[in-house]
1. For L401, are the conditions met, namely being surrounded by 24 or more Cβ atoms within 10 Å (Cβ to Cβ), in contact with a helix residue (DSSP H, G or I) (Cβ under 7 Å, 6 or more places away or on another chain) and of a type in the set (A, V, I, L, M)?
2. Kindly provide the set of residues from the range 129-172 that are at pLDDT 80 or above and not in a helix (DSSP H, G or I), ordered by number.
3. Which condition breaks for L263 when tested against (1) in a helix (DSSP H, G or I); (2) surrounded by fewer than 22 Cβ atoms within 10 Å (Cβ to Cβ)?
4. Across the range 1-35, which residue is surrounded by the most Cβ atoms within 10 Å (Cβ to Cβ) among those that are among the polar types (S, T, N, Q) and at pLDDT 85 or above?
5. Within 29 Å of V62 (Cβ to Cβ) and at pLDDT below 85, is that true of G230?
6. Name the residue that is farthest from I173 (Cα to Cα), counting only residues in the range 61-116 that are of a type in the set (S, T, N, Q) and free of Cβ contacts under 8 Å to residues at least 60 places away in the same chain.
7. Please find, within the range 394-417, the residue that is farthest from C247 (Cα to Cα) out of those that are β-branched (V, I, T) and in a helix (DSSP H, G or I).
8. Within the bounds of the range 229-241, is there any residue that is aliphatic (A, V, I, L, M) and touching a Pro at 6+ places or on another chain (Cβ under 9 Å)?
Amino acid sequence: MNITRRRRSRFIGRLWSHADFVKLWTGQSISELGSQVSVLAIPWLAAVGLHVNPIEFSLLEVLSFLPFILFALPAGVWVDRLRRRPILIASDSARAILLMLIPILWAAGALRIWNLLALQFLIGGFTVFFDVGYQAYLPALVERDDLVDANSKLYLTSSVANVAGPSVAGGLIAAITAPYAILADALSFVVSAVFVLRIHHDEVLPERDAGEAHPRMWPQLKEGLAWVIGNRQLRAIAASSANFNLCFNVVLAAFILYAVRSLHLSAIELGAIFAVGSAGAVCGALLANRIQESIGIGPTIVSSAVLLSTGSIAFPLAPRSFAIPVLMFGYGLLSVGVVIYTVAQVSFRQAITPERLQGRMSAAMRWIVWGAIPLGTLIGGAIGQTVGLHFALWVGAIGALPTFLFVFLSPVRSIHAIPDEVAGSTKAETERALASLDVAPMSLAEP
């Protein structure tokens, strides 16, 4: 009883009383809810309003995530050079303006698939800077001991948005059509920017080494990659995450078209599948911190990876006569695993990374992990058009099954507590930290 009260007191007293974190949390929560509208509305607009083929449909997802391949690593360097809060504000504002262009072009009768693809690419570019800056900003905003709790709270509201958002999106699409439903997402980015603008945290730029008044891009970029690729634990997490993103996006590339054209699901039914299925993510966010405290950070990462590895199989297995309940169950199982896995591994990464490398570490992980998304989407679209949409679902689901093996067969499974904070305010300290974390320092050598 006393332990429970202490935990509840910690939940209420620490981060709930952290005014700047609450502002970041509130703005991000509203933005996440709005983004769920576009997650369904933009593909629905392409499939129903613009009547695209499977290749054009897959290009929407490809161009949304292609910026992570092109811009993530340079973005990480800039995030470590500049203050991160202005980057978050500018990124939110730019995405709001770009999203507003979609209903404007539609109303003018000028929206074409190529317009939509270009806007998706630009929105994705600003999302790169926001996501890299966001994950680098959090460790500076809250105490290290609060990272798992902070990430759990952030993913809890994100998961709630995943539950409510698709239903809201389906209703908005039915009521005002997909192009105008996207305005809700644009407004959410405006609100998010306002909340981040009101944060009063005095952000201090990481110290630079002597003689690095004007550091070069390439050596700094390599240093961030070295931190991720040279560490056996981070390397295993990156491989596991990339394999899941690759294979699950093969599934997603075919699923909406398959659901509309083969299962004959309506926008409301499709929204309900995502909403009820993603309710598992809420459970995952609520349980993530408790599970991590009970079995350790490493076993939490491994066990949750098992769930996200197996959930995709429900998509090709769903029978046409009984599709909706099967799809809801599979998506829910997958969502539990994804959120617990994400909270655990992101908190671990943030805790062991020096402040001066937070942006580049996040960017390197995004480059590897999210870079697999457009590739998987393109593969899924190609298979869907040449062989069949149902076959593409099978390819992605089977490919996702061994995802958990990358972390299970690595040192990750033996980590029971988040390691002590790593020093690394200068490159020399970082190289010593690399050695202590079993990272190959030779990868830091400059050209």
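The values are calculated or read from the model by the stated rules, or taken from the named source; none is laboratory data. Predicted model only: the values in this text are computed from it and were never measured. Every residue, glycine as well, gets a Cβ built from its backbone with ideal geometry; the counts of neighbours run over all protein chains shown.
1. In short, no.
2. Across the range 129-172, the qualifying residue is only V142.
3. (1)
4. If we take residues in the range 1-35 being among the polar types (S, T, N, Q) and at pLDDT 85 or above, then S31 is surrounded by the most Cβ atoms within 10 Å (Cβ to Cβ).
5. When the stated conditions are applied, G230 does not pass them.
6. S91
7. Residues of the range 394-417 that are β-branched (V, I, T), as a first pass: 395, 398, 403, 407, 412, 415.
Cutting the leftovers down to in a helix (DSSP H, G or I) gives us 395, 398, 403, 407, 412.
On the way: V395: 8, I398: 8, T403: 9, V407: 17, V412: 22 Å.
Across the range 394-417, the extreme among qualifying residues is V412.
8. Checked the range 229-241: at least one residue is aliphatic (A, V, I, L, M) and touching a Pro at 6+ places or on another chain (Cβ under 9 Å).
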